[in-house]
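Below: the structure, in structure tokens.
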Amino acid sequence: MAKIFCVANQKGGVGKTTTTVNLAAGLAKVGQRVLMVDLDPQGNATMGSGIDKRQLRLSVYDVLLESASVVEARATSDKCGYDVLGANRELAGAEVELVDVERREKRLKTALAEADAHYDFVLIDCPPSLSMLTLNGLCAAHGVIVPMQCEYFALEGLTDLVNTIKQVHANLNKDLLIIGLLRVMFDPRITLQVQVSDQLKAHFGDKVFNSVIPRNVRLAEAPSYGLPGVTFDPSARGSQAYVAFAEEMVQRIRSM
Ligand code: ADP
Ligand code: MG
């Protein structure tokens, strides 16, 4: 059975997409079968996996509107070693089109159930909002991975996300758990970041992943080559950190 994880944080630019594609590539590297689902109309995770969002024949939009199955709409990213259910601007329309349909927040969950046997992991890259798209991701998932920068306002933003997750847990998806907080773009030379990191550990204990992703320019350069950093430059510090995180995730699901 596939384990399904949302990478979510309602803030933009916190490293969701970077985490999704690099974790996907890292998991593929350690032998896991992975499907990456792009739920952001910006399509960055699609492009960052070497799939041209402008040339998608079918996308996650068709899956949400039930005009295609996951198996029909997925593409394979040969270089990266995982499958991609891509997104492009068309997906922005789904928000409105889903308003009047039944079980609108369960569309992705239903669609993924059919592809379950093909994968060990499904990773969902969420948009920077708590919208119907994110809700579809949260309803489909077993757990949420929250990337965060260790900055002063990081904890404040977390409260909204934690409350949303609690509500989804209570009303729509009793399986949903926060798997963990992932510290990203970390720079140990910055005292404030070390302090916030310590605060996170004090507050959230073992909900904070052991792996820490450093700020690393290779991770930022990789998308312009249509690759995750892990594939683009496996020896970069950031890439190695994401592979270590993939290994940590494999360990975590054994105890789930
Ligand atoms: P989100 O999906 O949350 O909006 P992104 O993953 O797109 O965030 O990251 C925002 C920006 O930060 C991007 O330009 C990305 O390349 C860069 N970035 C993300 N993680 C790192 C990192 N560990 N080191 C350096 N740059 C990073
Ligand atoms: Mg993103």
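Observations
- For the stretch 1-88, radius of gyration divided by Kirkwood radius, i.e. Rg to Rh on alpha-carbons: 0.94
- 3J(HN,Hα) along the stretch 29-46: 4, 9, x, 8, 8, 10, 10, 9, 10, 8, 9, 10, x, 5, x, 5, 5, 5 Hz, from the Karplus curve 6.51 cos²θ - 1.76 cosθ + 1.60 with θ = phi - 60°, whole Hz, x for Gly and Pro.
- The stretch 20-166 - Debye-derived log10 I(q)/I(0), Cα point model, q = 0.11, 0.15, 0.19, 0.20 Å⁻¹: -0.40, -0.74, -1.17, -1.28
- When the solvent-accessible area of the chain is split by element, carbon and sulfur atoms take up 50 percent of it, the probe being 1.4 Å.
- Ordering of 146-153, 88-95, 194-201 by packing is 146-153, 88-95, 194-201, highest average first (other Cβ atoms within 10 Å, averaged per residue).
- Per-residue Karplus couplings for the stretch 198-213, computed as 6.51 cos²θ - 1.76 cosθ + 1.60 with θ equal to phi - 60°, are listed in order as 5, 4, 4, 5, 5, 6, 10, x, 7, 6, 8, 4, 5, 5, 10, 9 Hz, Gly and Pro entered as x.
- Cα-based equivalent ellipsoid, the stretch 198-256: semi-axes from gyration tensor eigenvalues, Å: 25, 15, 8
- Sequence-distant aspartates and glutamates (8 or more away, or on other chains) whose Cα lies within less than 14 Å of residue 29: 78, 83, 120, 233, 247, 248
- Of every Cα-Cα pair in the stretch 112-155, the percent that sits beyond 12 Å: 69
- Fraction of the pair-distance distribution of the chain above 34 Å, Cα-Cα pairs, percent: 10
- Taking amide hydrogens as placed 1.01 Å from N in the peptide plane, the amide H of residue 124 sits under 5 Å from those of 5, 6, 7, 37, each at least 5 positions away in sequence or on another chain.
- Where the chain is the region considered: accessible area per residue in Å², 1.4 Å probe: 45
- Sequentially through the stretch 107-114, phi angles give Karplus couplings (6.51, -1.76, 1.60; θ = phi - 60°) of 4, 5, 4, 4, 5, 5, 4, 5 Hz, Gly and Pro residues having no value and appearing as x.
- Partners for residue 174 among lysines (Cα-Cα distance below 30 Å; same-chain residues under 8 apart left out): 3, 11, 16, 106, 109, 166, 201, 207
- Over the stretch 124-192 - Rg/Rh using Cα atoms and the Kirkwood inverse-distance radius: 1.02
- Cα pair count fraction exceeding 22 Å, expressed as % - the stretch 121-256: 44
The values are calculated or read from the model by the stated rules, or taken from the named source; none is laboratory data. The shown structure was predicted, so the numbers you read here are calculated from the model rather than taken from an experiment. All Cβ positions, even for glycine, are placed from backbone atoms using ideal geometry, and neighbour counts span all protein chains on display. Heavy atoms of the whole protein, side chains included, go into the accessibility calculation; ligands, DNA and RNA do not. Shrake-Rupley method; radii C 1.70, N 1.55, O 1.52, S 1.80 Å.
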